[in-house]
Amino acid sequence: MQKKNLKKKNLHHKMVGFFIKKGKKSVATQIVNDAFLKVSKKTGLPMHQIFLQIFLKLNSFVETKKVRVRRSTHLVPFSITLKRRSYLILKWLLLAIKEDNRKISITEKLATEIEQIISKNFSKSEKIRQTNIISALSNRSNIHFRW
């Protein structure tokens, strides 16, 4: 038997994957790298520390899923894996960027969102995280539907 060469993806590769449109990986890589370069110039932090701070600030351990029992649907909190957490972090970042209606480039929007996450300011992606946590806490009475 041959072992498959599985390449582990880090958060940077996953972020580039989120920004790929029409198969243009080089354009997506340029967007992500330019945004992190702008943030690192303003904050003085290296790229890996910026990723670490983003992950620590937007990390969540629960999410709510819809579970259908008999004829009713209940929101049930579930614990999530590390892979799912990293996906949700990137998804929340992308949602926050899409909600931004300013007439600037995606690179600028990503850079400002990352700066707000790193600084003490309350960013849009952190608001999305808070609504996720509030939803999980308010529906914890439905936890017995988790099977």
Identity of the residue in the range 68-94, touching a Ser or Thr at 6+ places or on another chain (Cβ under 7 Å) and either of a type in the set (A, V, I, L, M) or over 21 Å from Q130 (Cβ atoms) (or both), that ends up surrounded by the most Cβ atoms within 10 Å (Cβ to Cβ): L93
Pair list, Cβ < 6 Å and 6+ apart or interchain, from the range 117-142 residues that are over 17 Å from F61 (Cβ atoms) to residues that are among the charged types (D, E, K, R) and surrounded by 17 or more Cβ atoms within 10 Å (Cβ to Cβ): S123/E113
Single condition I50 does not satisfy, out of (1) modelled with pLDDT under 90; (2) in a helix (DSSP H, G or I): (1)
Subset tally (residues that are within 18 Å of F36 (Cα to Cα), in a helix (DSSP H, G or I) and not hydroxyl-bearing (S, T, Y)) for the range 99-123: 11
Among (1) within 20 Å of V16 (Cα to Cα); (2) part of a loop (DSSP other than H, G, I, E, B) - the single one R84 does not satisfy: (2)
Restricting the range 100-125 to residues that are among the acidic types (D, E) and modelled with pLDDT of 90 or more, the residue that is surrounded by the fewest Cβ atoms within 10 Å (Cβ to Cβ): E108
Residue match in the range 44-52 (condition: surrounded by fewer than 15 Cβ atoms within 10 Å (Cβ to Cβ), touching a residue at least 12 places away in the same chain (Cβ under 8 Å), of a type outside the set (F, W, Y) and at negative phi): yes
Residue match in the range 78-87 (condition: more than 16 Å from the chain's Cα centre (by Cα) and within 30 Å of L137 (Cβ to Cβ)): yes
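The values are calculated or read from the model by the stated rules, or taken from the named source; none is laboratory data. These numbers were taken from a predicted model, which means no experiment stands behind them. Cβ sites come from the backbone with ideal geometry, for glycine too, and all protein chains shown count toward neighbours.
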